[in-house]
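Engineer: Below is one structure. I have some questions about it.
The values are calculated or read from the model by the stated rules, or taken from the named source; none is laboratory data. None of the values given here were measured: they were computed from a predicted structure. Here the Cβ is made from the backbone with ideal geometry for all residues, glycine too, and neighbour counts use every protein chain on show.
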Amino acid sequence: MSAAEPHQIGITRPRLLNLIGSFLILQAVAWLVLGIYHFFILNFGSTLLNQWLVAKTITLRSMLDELFIQAAAQQVLSTLVESLVLVGVAISGFFTAIGFFNGRRNAWILAVTIQGTSLLLGLIVYFIKKPVHIYLVLLISSLMVAYLSEDEVRAYFKPAANTTGSIQHGNE
Amino acid sequence: METNDLVLLRRYEPALRFTRGESFFPMSVEGYLAECSLWVNYPNGTAECLAKEGELGVQRLTEARAHGFGSIYYLQFIEKVNLRTLAVYQLRDTFRKKSQEEVFHAGSGRLARVGFIPRFIDALFSLSLLARGRVPGDYALAARATVEKMSPDQLLRTYYGRVVRQAGWVTLQYWFFYPFNNWRSGFYGVNDHEADWEMVSLYLAENAAGELAPEWVAYASHDYSGDELRRRWDDPEVQKEGDHPLIFVGAGSHASYFLPGEYLAEIELMVLSPLVHLAEYVGKFLVSLRGLLMGKPEHAGQTSGVSILRVPFVDYARGDGVSIGPGQVESWHKAVLIDDHTPWVKDYRGLWGLLTKDPIAGEDAPAGPKYQRDGAPRKAWVDPLGWAGLDKVLPARRVLALNRERQLELEGELEQTSCQINEKQEQLVDLGLEAEAMLPLSHLRQLYQKRQLQIGALSGEIRKLQERATELSATLEALDFQQKRLESGELSPARAHLRRPMQPEETAQLRVNRLAEFWAAISIGIVLVAFVALVIFAREALLLGVAALVGLAVLFEALFRGRLGDLIFRLTVLLSITAMLVLFYEFFWQVVVVSVLFAGGYMLWENLREIWR
């Protein structure tokens with residue numbers, strides 16, 4: 001059975017699986033919004049928005065010029081990176097949620113990875129800026145990890161691991 | 001009696017199956033002694049030759065000697081190593097055509113089967129060989145050359161049998177003597193040493209027809225003893241050739257196993273013992289905590305199965321090589337009866353091979369069947385039943401009779417206890433009556449208090465007797481149930497006494513890919529070189545560099561061993577725990593307030609519900 005195939009027949013679907021899948025979608029939406037917010041509202045995007053509002057022509061050249069100026073000031077680079085990561089996580093989240101609903105075997109590890117990334121980013125942001133919204137991110141991700149750790153959920157998405165037998169060996 | 005004992009030993013003598021590539025097989029001690037010299041090592045470190053090679057026999061070996069406290073006697077099988085002769089032998093051996101049974105292939109490397117830390121400890125262990133006393137590297141080759149030069153009489157397939165009658169059991173011990181243990185140099189194992197003594201035991205008892213029949217069998221696993229060593233005769237794991245148990249012998253180590261396969265052996269280094277025990281304690285704690293959090297308190301006390309601070313080795317007991325015994329390619333040529341009075345067993349307490357002064361003692365030769373290296377008697381010799389945990393087990397036929405005896409004893413005790421309870425209850429009633437009569441009379445206050453104390457004490461005694469009576473009833477119920485089972489011929493589960501039985505590695509675990517093997521081989525070296533490079537070229541960022549190095553090593557380790565998913569999960573759980581600690585720190589008082597409010601609300605709700613019913 002490959003990692004992409006659905007779970008084994010006969011294993012009962014844990015309760016709240018759909019709810020967690022929905023949470024994953026909500027999380028993905030939140031990351032997407034955050035990514036857009038970071039990029040368009042915080043920095044480079046606001047300049048473009050202003051230009052558009054005052055009917056100045058936005059061309060590729062003017063965008064690139066703005067990009068280089070902002071990058072030189074080291075403002076947009078970090079924002080770009082943050083935004084790209086957030087959007088990337090959001091897209092992964094959407095696919096993971098779909099996989100969750102369909103019971104795909106690799107959905108579990110993807111969900112764990114998403115939560116891990118979310119927690120890592122959240123903790124980094126916490127130690128740098130301590131924005132108010134970060135506590136909610138940390139709480140939700142921690143609760144998701146707790147649920148994903150349950151044996152019932154793990155067994156649904158992947159077979160039980162074999163354990164190695166080993167002996168203690170004295171020596172004569 | 002001696003003839004009967006030999007007949008008995010022959011009747012159940014084991015069959016041995018070795019692994020391809022094994023070079024040393026059971027032989028006679030006389031044949032071995034003919035190639036040895038006898039030495040004594042004095043406490044000041046000097047050694048003296050007491051008998052040269054060719055002068056030593058059993059009689060000379062067992063002569064009385066008095067060289068003072070701290071002197072250690074030892075045999076030396078390999079004398080001076082002639083490098084030219086060895087080189088010629090090695091060349092000849094390399095180019096001669098070998099049979100299938102002589103060629104060993106390791107398969108998946110042992111290092112690829114374990115994680116980074118055990119491999120690091122293994123590297124330290126290997127380095128320690130430079131500092132510790134050890135059998136020189138060419139000794140195994142010299143031993144092979146010496147064995148090949150021995151006469152056929154010296155190499156006759158021999159075992160030494162001992163019969164012990166004790167507590168209704170007849171124990172048959174089969175001792176095998178090997179001239180050399182080349183586990184380290186031949187099979188990537190723990191150690192090499194001259195001489196090797198191994199033993200298996202069969203435990204017989206009278207059956208319903210009054211004949212002796214085997215009930216248990218125990219295979220020695222180096223220094224271990226107890227329940228884990230034995231299997232019941234009807235256990236499917238005990239393979240047999242008719243009435244002869246089949247033993248799969250570890251390559252080089254000559255340890256005995258019930259099933260063919262490869263066994264991952266983990267050696268605990270004494271110097272790391274405190275850390276090993278700490279790691280095990282922490283592992284048990286985490287498993288118990290996880291179990292409690294998940295509502296599975298039965299996980300408490302279980303080990304995590306992780307032994308990262310032990311050195312990993314593989315004992316290859318494949319059984320695909322030479323075989324000796326009933327129904328095998330070769331048969332036993334000699335069965336020799338030994339006992340407490342056999343001269344070389346009783347009178348020689350020294351080592352049967354080279355003394356290397358290895359502080360871990362892994363490279364020192366063993367002592368004989370009766371003694372340990374320090375001269376103290378072996379448990380397997382003085383207490384063959386206790387060694388296999390059979391001192392608390394009865395022969396099957398006696399169980400029925402003794403079960404009934406015990407039932408009668410306990411029934412008698414229960415009756416006595418019931419009578420005592422009745423008597424004391426009558427006394428209690430009397431005391432109660434007196435106390436009640438004294439209540440309205442104020443001048444009898446002191447006497448009343450005395451009666452109360454007596455009532456309290458008597459109530460306590462009655463409670464204890466009732467507890468004992470309950471215990472006895474429950475025990476009698478169990479004995480009764482056992483009696484019915486035994487009378488119907490039903491046996492208890494054959495493996496009920498085993499907690500951690502030895503099992504060979506499963507085939508799926510042995511399939512380690514080439515990349516993982518390559519990584520296992522080079523990882524320690526690369527990490528050490530990278531560390532040195534950091535120290536030389538980037539000392540100001542040493543901590544960060546080391547953290548990055550450790551992170552990369554962990555990542556590659558997980559990637560090549562197919563455990564990336566596990567790594568991601570564990571890191572995520574760690575991050576989650578950190579996040580929860582951050583939240584608890586930031587919102588400590590809010591959490592306290594909410595918890596108190598919730599508890600208060602819950603209590604209020606429950607109490608109100610009770611009133612409204």
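Engineer: With (1) out of contact with any strand residue (DSSP E or B) (no Cβ under 9 Å at 6 or more places or on another chain); (2) surrounded by 17 or more Cβ atoms within 10 Å (Cβ to Cβ); (3) under 30 Å from B:G45 (Cβ atoms); (4) of a type outside the set (S, T, Y) as the list, and B:A376 as the residue in question, which single condition is left unmet?
Structural biologist: (2)
Engineer: Given the criteria within 24 Å of A:V145 (Cβ to Cβ) and more than 36 Å from the chain's Cα centre (by Cα), does B:I611 qualify?
Structural biologist: So B:I611 does not fit the description; no.
Engineer: Of the conditions (1) surrounded by fewer than 18 Cβ atoms within 10 Å (Cβ to Cβ); (2) at pLDDT below 85; (3) under 15 Å from the mean Cα position of the chain (by Cα), A:I134 fails just one. Which one is it?
Structural biologist: Condition not satisfied by A:I134: (1).
Engineer: Can you confirm whether the stretch B:330-338 contains a residue that is at pLDDT 90 or above, closer than 30 Å to B:A208 by Cβ and away from chain A (no Cβ under 14 Å)?
Structural biologist: yes
Engineer: Restricting to helices (runs of 4 or more DSSP H) lying wholly in the stretch B:494-611: which have 2 or more residues that are within 12 Å of chain A (Cβ to nearest Cβ), within 30 Å of A:V137 (Cβ to Cβ) and aromatic (F, W, Y)?
Structural biologist: In the stretch B:494-611, B:564-586 are the helices (runs of 4 or more DSSP H) which contain 2 or more residues that are within 12 Å of chain A (Cβ to nearest Cβ), within 30 Å of A:V137 (Cβ to Cβ) and aromatic (F, W, Y).
Engineer: Still on this structure: Need a quick list: strands (runs of 3 or more DSSP E) entirely within the stretch B:177-260 having at least 1 residues that are among the polar types (S, T, N, Q) and more than 14 Å from every other protein chain (Cβ to nearest Cβ).
Structural biologist: B:192-206
Engineer: Looking only at the stretch B:25-74, filter to residues that are touching a residue at least 24 places away in the same chain (Cβ under 8 Å) and among the polar types (S, T, N, Q); which one of those is farthest from B:D364 (Cα to Cα)?
Structural biologist: Among those that are touching a residue at least 24 places away in the same chain (Cβ under 8 Å) and among the polar types (S, T, N, Q), it is B:Q59.
Engineer: Every residue in the stretch B:24-70 that is charged (D, E, K, R), over 34 Å from the mean Cα position of the chain (by Cα) and within 21 Å of B:K80 (Cα to Cα), please.
Structural biologist: If the condition is that a residue be charged (D, E, K, R), over 34 Å from the mean Cα position of the chain (by Cα) and within 21 Å of B:K80 (Cα to Cα), then B:E48, B:K52, B:E53, B:E55 are the ones that fit.
Engineer: Hey, another quick one. Which ones in the stretch B:75-92 are without any contact (Cβ under 8 Å) to a residue 12 or more places away in the chain and not hydrophobic (A, V, I, L, M, F, W, C)?
Structural biologist: B:K80, B:N82, B:R84, B:R92 - these are the residues of the stretch B:75-92 that are without any contact (Cβ under 8 Å) to a residue 12 or more places away in the chain and not hydrophobic (A, V, I, L, M, F, W, C).
Engineer: Follow-up question, since we're still on this one. Just checking, does the stretch A:82-95 include any residue being of a type in the set (S, T, Y), touching a His at 6+ places or on another chain (Cβ under 9 Å) and more than 10 Å from chain B (Cβ to nearest Cβ)?
Structural biologist: yes
Engineer: Moving to a separate point now. For the stretch B:135-176, name all the residues that are out of contact with any helix residue (DSSP H, G or I) (no Cβ under 6 Å at 6 or more places or on another chain), over 24 Å from B:Y74 (Cβ atoms) and not in a strand (DSSP E or B).
Structural biologist: Matches in the stretch B:135-176: B:S151, B:P152, B:D153, B:L156, B:R157, B:A167.
Engineer: Any residue at all in the stretch B:447-462 that is in contact (Cβ under 8 Å) with a residue 24 or more places away in the chain, surrounded by fewer than 16 Cβ atoms within 10 Å (Cβ to Cβ) and assigned to a helix (DSSP H, G or I)?
Structural biologist: So far as the stretch B:447-462 goes, yes, one or more of its residues are in contact (Cβ under 8 Å) with a residue 24 or more places away in the chain, surrounded by fewer than 16 Cβ atoms within 10 Å (Cβ to Cβ) and assigned to a helix (DSSP H, G or I).
Engineer: A follow-up question, please. With the condition being under 30 Å from B:V217 (Cα atoms), I'd like the helices (runs of 4 or more DSSP H) fully within the stretch B:1-107 carrying at least 3 qualifying residues.
Structural biologist: Ranges flagged: B:2-11, B:29-33.
Engineer: If you don't mind, another one. Looking only at residues that are under 15 Å from the mean Cα position of the chain (by Cα) and more than 14 Å from B:L571 (Cα to Cα) in the stretch A:114-131, which one is nearest to the other protein chains (Cβ to nearest Cβ)?
Structural biologist: A:G122
Engineer: Looking only at the stretch B:380-413, which residues are within 14 Å of chain A (Cβ to nearest Cβ) and either within 22 Å of B:L61 (Cβ to Cβ) or touching a Gly at 6+ places or on another chain (Cβ under 7 Å) (or both)?
Structural biologist: Scanning the stretch B:380-413 gives B:A380, B:W381.
Engineer: Another one. From the residues in the stretch B:468-486 that are closer than 17 Å to B:L402 by Cβ and free of Cβ contacts under 8 Å to residues at least 60 places away in the same chain, which one is farthest from the chain's Cα centre (by Cα)?
Structural biologist: Ranking the candidates gives B:K484 first.
Engineer: Additional query: Scan the stretch B:398-425 and report the pairs whose first residue is over 30 Å from B:E215 (Cα atoms) and whose second residue is charged (D, E, K, R), with Cβ atoms within less than 8 Å and a gap of 6+ or a chain change.
Structural biologist: Final answer for the pair search is B:T417/B:R468; B:K424/B:E461.
Engineer: Next question. So which of B:D430, B:D391 ends up being part of a helix (DSSP H, G or I), charged (D, E, K, R) and within 30 Å of B:R349 (Cα to Cα)?
Structural biologist: B:D391
Engineer: Take the conditions modelled with pLDDT of 75 or more, at positive phi and more than 16 Å from the chain's Cα centre (by Cα) and apply them to B:G226. Does it pass?
Structural biologist: no
Engineer: Among the residues that make up the stretch B:149-165, is at least one of them free of Cβ contacts under 8 Å to residues at least 60 places away in the same chain, within 23 Å of B:G368 (Cα to Cα) and surrounded by fewer than 23 Cβ atoms within 10 Å (Cβ to Cβ)?
Structural biologist: Among the residues of the stretch B:149-165, at least one is free of Cβ contacts under 8 Å to residues at least 60 places away in the same chain, within 23 Å of B:G368 (Cα to Cα) and surrounded by fewer than 23 Cβ atoms within 10 Å (Cβ to Cβ), which makes the answer yes.
Engineer: Could you pull out the residue among B:V573, B:V532 that is more than 26 Å from A:F157 (Cα to Cα) and of a type in the set (A, V, I, L, M, F, W, C)?
Structural biologist: That would be B:V532, the only listed residue that is more than 26 Å from A:F157 (Cα to Cα) and of a type in the set (A, V, I, L, M, F, W, C).
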